[in-house]
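Okay, structure first, notes after.
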Amino acid sequence: MTKYIFITGGVVSSVGKGITVASIGTILKSRQITVSVQKLDPYLNVDPGTMSPYQHGEVFVTQDGAETDLDLGNYERFIDVNLTADSNVTSGQIYSAVIAKERRGDFLGGTIQVVPHVTTEIKERFKKLAQKSQAEVVIIEVGGTVGDIEGQPFLEAIRQMRNDVGRDNVLYVHVTLLPYLTSTQELKTKPTQHSVNELRRIGIQPDIIICRSDYPISEGIRDKISLFCDVDRQAVIPLPTVSTIYEVPLVLEEEGLGQLVVDKLSLKAQPTDLSQWQELVTCLKAPREPVNIALVGKYVELKDAYFSVREALYHAALYHNRDINLIWVASEAVERDGSDALLRSAQGIIVPGGFGVRGIEGMIKAASYARNNEIPYLGLCLGMHVMVIEFARYALGSTEPNSTEFDASTPYPVIDLLPEQKNIENKGGTMRLGNYPCQLVQGSHAASAFGQSLVYERHRHRFEFNNQFRTRLGEAGMVYSGLSPDSRLVEVCELANHPWMVSCQFHPEFSSRPGRPHPLFRDFIGRAKDILREGAQPPLPLSPNL
Ligand code: GLN
């Protein structure tokens, strides 16, 4: 029978609940326990696909094409599983399903209520994931903080689960923050007490409290939380801020969380083996020479908008025993101040995904800079469109080539809507989403990176390379190094006369893992690390005799 761990958050949001969930998954997996994960998002959108990155951060795409919360990316990277649409549940989905059932007449004669109809629908999503994944433990994170109005049906549903599946099969973990008062130089537990009280008011007594803090947590503080919140002392787990998120599983394991969960849920576990994580963290913390990578995007003020891209860069750098010095460049700033001012120290330039015309000309300038100065360039989805537009402007000797996303009346629509997108009116969930095959062309940078001829990659786009321009741009030096198996869609393109300018229509960042960087990111950093820019010095061999 599947056991459930429910994770709630208190005091403030953005306290690292997602990383904590991912880390609990890691420490259970290290004991050979199978796990699956689910994120409950209380907002009323059906999915985050239509939300601005400023509102929501990155939209993470699963293999089966669901547009989901970025926490799913952390779950995948930590637990090394490929999740599906079943792992992200929103209030929007729940209410849509309940209302659809009502219209169908499933509840004829009844009044539809939050309890039991909405809560039953929520619990069905838990059970569906348990059944489909066949995992021994399903870890479920309730988004937001305890006390949010939208979150209440989810909290009520997880409360009911204790009765539904039995007390021994359910564990409640509450993640809180201990704020630090500089004037008295102490950590405060009162907000944690209040948020546990709020949980209790709705009938949930946490079994474990994980306390985030930027400062060390004393034994006295643990005792106090244990006493006031009625939680075993060893179940008050301190989680001080660490330098890399990948260290969190090690910290939690060290504090005894793994054994505690195993005991409380009576799980059959093997001895824990976190040696690979230990190795990863040791490497991440060791001083490494940085590679300067400029990320030229539209939403750079909000780093979470590019969460997976940033992680994929770190994974790739680690492979080459290097660090990343990530230079965040607002594409509008490139329009204003020019490429040279902002990109002169970049050893590699990356243009990630995005939507809308704002900042596009700045990205095109950055691509032009990369092409003219032979700087390695990696374009992801929109970054490919940008590379194609820039190359077309150069090759056709005109400033007019564009994507019809940005200029509907351009005489050179080098990027255009996918034919199957032409009659689509609804914006939500209607892009070309999820895994599609890509056939690689031998002898190309892409083929040499992947080392295989057919790959499946995750997509999220409406626009594509316009085949009317294939021959002309091909003659000018663009190589179509990845195509859909029917050759209709350009999936990867690169430049013949450039050390490494490669772009893909898909999003490789979503499938990169800490010990297994995505091949395109790996080779991009592999090239970038050897580029010398202005002011940089080649590393000198250090001799003790000097
Ligand atoms: N806006 C482009 C499209 O819809 C690119 C999307 C993306 O970068 N994910 O095709």
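The values are calculated or read from the model by the stated rules, or taken from the named source; none is laboratory data. As the structure is a prediction and not an experimental result, all values here were calculated from the model. So basically every Cβ, Gly included, is an ideal-geometry build from the backbone, and we count neighbours across all protein chains shown. Side chains included, ligands, DNA and RNA excluded: accessible areas come from the protein's heavy atoms. Shrake-Rupley method; radii C 1.70, N 1.55, O 1.52, S 1.80 Å.
Some observations on this one:
- With protein chains left intact and a 1.4 Å probe, residues in the chain average 42 Å² of accessible area per residue.
- Near Arg162, once Lys and Arg are set to +1 and Asp and Glu to -1 for all other residues with Cβ below 14 Å from its Cβ, the sum equals +2.
- Within the shell of other residues whose beta carbon sits under 13 angstrom from the beta carbon of Asn197, the net charge comes to +1, with Lys and Arg scored +1 and Asp and Glu -1.
- The packing ranking, built from the mean of other Cβ atoms within 10 Å per residue, places the peptides 202-213, 309-320 in the order 309-320, 202-213, highest first.
- Percent of beta bridges antiparallel (DSSP, segment 25-183, rounded to nearest 5): 20
- When each of the peptides 281-287, 227-233 is scored by the mean number of other C-beta atoms lying within 10 Å of its residues, the order from highest to lowest reads 227-233, 281-287.
- Value of [θ]222 nm, deg cm²/dmol, for the chain, DSSP H segments ≥ 4, -39500 (n - 2.57) each, nearest 500: -10500 deg cm²/dmol
- At q = 0.11, 0.17, 0.22, 0.27 Å⁻¹, base-10 log of I(q)/I(0) for segment 195-267 (Debye sum, equal scatterers on each alpha carbon): -0.30, -0.70, -1.06, -1.27
- Scattering profile of segment 343-490 at q = 0.09, 0.10, 0.12, 0.21 Å⁻¹ [log10 I(q)/I(0), Debye over alpha-carbon scatterers]: -0.28, -0.35, -0.51, -1.60
- Each Cα pair under 8 Å and six or more residues apart adds its separation to the average, and for segment 158-240 the resulting relative contact order is 30 percent.
- Amide hydrogen proximity for Ser36: with H placed 1.01 Å from N in the peptide plane, the residues at 5 or more positions away or on another chain lying under 5 Å are Val137, Val138, Ile139.
- Beta bridges per DSSP, both residues in the chain: antiparallel share near 35 percent.
- Here's how it looks for Leu70: its modeled amide H is under 5 Å from those of Phe60, which are all 5 or more places away or on a different chain.
- Relative contact order for the chain: 15 percent, from Cα pairs under 8 Å spaced at least 6 residues apart, divided by residue count.
- Each peptide in 109-120, 81-92 receives the mean, over its residues, of other Cβ atoms within 10 Å, and ordering these scores from highest gives 81-92, 109-120.
- Counting heavy atoms of the protein chains alone, Leu274 has an accessible area of about 20 Å² for a 1.4 Å probe.
- Projected area, mean over directions - segment 323-426, Cα convex hull, nm²: 7.8
- Start at zero, step by 10 Å, and the Cα-Cα distances of the chain spread as 3, 17, 25, 24, 17, 10, 3, 0, 0, 0 percent across the bins.
- Residue-wise HN-Hα coupling along segment 403-408, computed from phi with Karplus coefficients 6.51, -1.76, 1.60 (Hz; x: Gly, Pro): 9, 5, 5, 9, 9, 5
- Aspartates and glutamates with Cα under 17 Å of Lys190, excluding same-chain neighbours fewer than 8 positions away: Glu198, Asp214, Glu219, Asp223, Asp230
- Trypsin sites (Lys or Arg not before Pro) restricted to segment 390-442 and DSSP loop, no more than 10 other C-beta within 10 Å: Lys422, Lys427
- Share of carbon and sulfur in the accessible heavy-atom surface of the chain [1.4 Å probe, %]: 49
- The separation of segment 278-300 from segment 1-72, counted between C-alpha centres, amounts to 23 Å.
- Segment 29-139: C-alpha gyration tensor shape, a/c 1.5 cut-off, then a/b vs b/c: oblate
- Under 5 Å between amide hydrogens, built in the peptide plane, is the criterion, and for Asn88 it picks out Lys39 among residues at least 5 positions away or on other chains.
- Calculated from backbone phi, Karplus (6.51, -1.76, 1.60) coupling profile of segment 292-297 in Hz, x at Gly/Pro: 7, 10, 8, 9, 9, x
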